[in-house]
Every structure is written in structure tokens, then in C-alpha cells.
1. Anything in the stretch 136-162 that is within 20 Å of Ala62 (Cα to Cα) and surrounded by 18 or more Cβ atoms within 10 Å (Cβ to Cβ)? List them, or say none.
2. From the list Ile116, Ile129, Ile69, Ile79, which residue is among the β-branched types (Val, Ile, Thr) and surrounded by fewer than 18 Cβ atoms within 10 Å (Cβ to Cβ)?
3. Please determine, by comparing only the residues of the stretch 94-114 that are in a loop (DSSP other than H, G, I, E, B) and aliphatic (A, V, I, L, M), which one is farthest from Gly240 (Cα to Cα).
4. Looking at (1) over 20 Å from the mean Cα position of the chain (by Cα); (2) without any contact (Cβ under 8 Å) to a residue 12 or more places away in the chain; (3) not in a helix (DSSP H, G or I), can you tell me which one Val319 breaks?
5. Please state which of the following conditions Arg271 fails to meet, knowing it meets all the rest: (1) crowded, with 16+ Cβ neighbours inside 10 Å; (2) in contact with a Lys or Arg (Cβ under 8 Å, 6 or more places away or on another chain).
6. Name the residue, out of Glu168, Glu189, Glu210, Glu157, that is charged (D, E, K, R) and at pLDDT below 95.
7. Which of the residues spanning the stretch 71-93 are of a type in the set (Gly, Ala, Ser), farther than 21 Å from Leu258 by Cβ and outside any loop (DSSP other than H, G, I, E, B)?
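The values are calculated or read from the model by the stated rules, or taken from the named source; none is laboratory data. Computed from a predicted model, the values in this text were never measured in an experiment. All Cβ positions, glycine included, derive from the backbone under ideal geometry; neighbour counts span all protein chains shown.
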Amino acid sequence: MNLKVLFIGLGLLFAGLSFATEKTTIKIGVLAFGTVDWELSALQNDPKTASADFQLQVQRLANPEAGKIALQSGAVDMIVSDWIWVSRMRANGSDLTFYPYSTTAGALMVAKDSPIHTLQDLKGKKLGIAGGELDKNWLLLQALAQQEHLDLDKSVEKVFGAPPLLNEQLKQNRVDAVLNYWHFAARLEAEGYRQIIDGKGILKALGISENAPGIGYVFKQSWAMSHKSAVNHFLQASQGAKTELCSSDAAWQKIIPLTQAKDPETQAKLRQRYCEGQIKHWGEQEQQAAGRLYALLRNLSNKQLTGNAENLQPGTFWVME
């Protein structure tokens with residue numbers, strides 16, 4: 001055989017092997033100490049990830065707004081955020097899209113011996129609220145109270161603050177109740193504090209029985225279409241990592257340091273609430289429920305949360321084919 005032909009053939013063979021093993025780098029921005037870190041860590045520790053067609057480049061973010069800026073500027077390819085923001089951005093011409101990560105929402109918490117047992121009992125009390133006036137949990141809790149002919153906005157003394165600060169305020173009896181994000185509520189539960197209602201309970205009482213996930217992976221549709229296989233494989237692997245954390249004690253033990261929970265009670269409660277947020281089904285029913293929730297939040301916030309668009313924008317949800 002002609003040596004020149006042989007060398008050309010070998011060159012093409014090695015080039016083909018290199019192409020076949022080339023991975024798509026997914027730059028994902030996550031909050032420092034956020035729960036997304038748990039399953040990303042589990043995913044990266046999974047031997048199967050080594051043969052996947054994607055590789056992760058994790059970048060730490062200071063706060064959610066920093067993540068949105070990083071995504072829009074192209075500094076990262078993906079963040080975790082909510083579909084309300086995605087729909088609003090699409091209405092303004094953006095091509096962002098969303099795939100669900102968790103259905104776990106916040107919860108209304110009180111001390112174990114608190115006289116508060118219902119929303120009516122909040123009258124005249126001091127309520128700590130995470131997330132500000134336009135927090136979805138706060139808006140929906142007000143809607144539920146309205147069904148009971150209670151104007152919660154005027155009936156309580158509102159205290160807005162950072163989630164960990166609000167937990168401390170409750171422990172020091174400076175507030176009577178807190179409406180906090182799920183992992184902060186779970187930490188209170190582990191210490192004996194009592195849950196009045198959680199986000200899923202609020203939605204169910206408002207007539208939305210489907211599990212409409214609040215947060216998920218957000219990325220540019222144009223970018224995802226150019227890396228469709230890798231993106232879909234990552235999303236599937238992420239769900240698989242969560243399943244592994246919820247079914248394997250050994251896998252959970254590895255990520256316990258990331259939870260920053262020192263005692264077994266808190267670790268167990270965090271795992272319970274985390275696993276309750278698993279996406280069991282994501283299809284037309286859940287997406288229609290999200291549309292109903294959008295309309296509700298649009299009215300409750302007087303368009304401040306959703307923007308002017310009357311309906312959830314087409315393309316808000318990424319379809320995995």
C-alpha cells in the first residue's frame with residue numbers, strides 16, 4: 001500500500017475519533033450554596049457522565065439577578081430561574097426557554113406552640129416574607145386569603161427580608177410567622193417549627209391540582225437548537241441525578257456537606273422536601289396549569305410580575321424530542 005495513502009487514511013480515522021468524542025461544554029451558572037449544586041455534584045460524580053456528549057462548567061453566582069445578566073450576555077449558557085420571567089422576556093423579543101427542575105415551593109411557618117393555625121389567625125400579626133412584594137408565594141397566599149374574605153396585605157404587619165434573616169427573626173420571636181423558601185422552611189421544620197401551608201397546598205386550594213414547577217433550567221432556544229442532543233442528555237441526566245439522590249443513601253451521603261446541615265434531623269428533612277419536588281410528569285396538562293397560574297399571577301400583581309402580555313408566551317417551555 002502506498003504510504004501516503006496509508007497516512008491519509010490514518011489521519012482521517014483519528015480525526016473521526018476526535019470528532020466522535022468531542023463534547024459540548026455547558027456553562028451553567030448556579031447560586032453559591034443553592035440546591036442545584038446537589039444534583040450537579042451527583043451528576044459529575046456519576047461514572048456514566050464521563051461518556052456523555054456534554055461536559056459541565058459550573059460558575060458561581062452572587063444572586064439570581066447576576067445569573068440573569070450572565071445568561072443574557074452569554075457569559076453562561078444556562079441558569080436556574082422561573083418560567084414567569086422567561087415568558088416576560090419572550091414577550092419582549094428574547095428567545096429564552098425553560099425546562100422544569102423542581103416543583104417544591106415555599107411554606108408558611110410558625111413556632112410549634114404558636115396560636116396561629118389558619119390564615120385568619122394571621123390578623124394583626126407580624127409576617128416575615130422572603131422575596132419582596134412580588135414574590136409568587138406571597139401573591140398566591142393573598143389570593144387564598146381573599147377566598148376567605150381576608151385582605152392579608154392590610155391585615156398583617158409585613159417584614160421583608162433575606163431568607164436566613166427571616167428564620168432568625170422567627171426564632172427570636174421578632175415575627176409571628178414567616179413565608180420562606182422551601183429549604184429554609186425545611187430547616188425550621190427540623191427544629192420543631194410547624195408548617196401552616198406550603199406552595200403546593202396554596203395552589204391546590206386555588207384550584208390548580210397539577211404540579212406546576214416553579215423553577216427550572218433556563219437557556220436560549222437558539223443555543224439549545226444548535227446543541228440539541230447534549231442539552232437534552234444533560235436535562236435527562238439531571239433528573240437521573242435527583243432520582244439517585246432520593247433513592248440511594250450512599251449518593252446522598254456524598255452531597256451532605258453541600259447542604260450545610262450539621263444534624264441528621266435537618267439533613268433528613270432537607271432530603272424529604274427536596275425529593276418531594278421531583279418532576280414526575282411534565283406534559284400538556286402541567287403546561288396548561290402553568291398557563292392558568294400565569295393568568296392568576298398577572299391579575300394579582302397588576303401585571304408587575306408578568307408584564308403586559310395577556311397569556312403565557314409560546315415557546316416558554318422547551319420541548320425535549
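1. Narrowing the stretch 136-162 to residues within 20 Å of Ala62 (Cα to Cα): 160-162.
Within the stretch 136-162, Gly161 is the sole residue that qualifies.
2. Ile69
3. Going through the stretch 94-114, the residues in a loop (DSSP other than H, G, I, E, B) turn out to be 94-95, 103-106, 111-114.
Among the residues that remain, those that are also aliphatic (A, V, I, L, M) are: 105, 111.
Working: Ala105: 21, Ala111: 36 Å.
My answer is Ala111.
4. Result: Val319 passes all but (1).
5. Against the list (1) crowded, with 16+ Cβ neighbours inside 10 Å; (2) in contact with a Lys or Arg (Cβ under 8 Å, 6 or more places away or on another chain), Arg271 comes up short only on (2).
6. Glu210
7. Ser73, Ser87, Ala91
Conditions (1) crowded, with 17+ Cβ neighbours inside 10 Å; (2) among the β-branched types (Val, Ile, Thr); (3) within 23 Å of Lys254 (Cα to Cα); (4) modelled with pLDDT under 80, marked per residue:
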site	(1), (2), (3), (4)
Leu3	no, no, no, yes
Ala15	no, no, no, yes
Phe19	no, no, no, yes
Trp38	yes, no, yes, no
Gln57	no, no, yes, no
Asn63	no, no, no, no
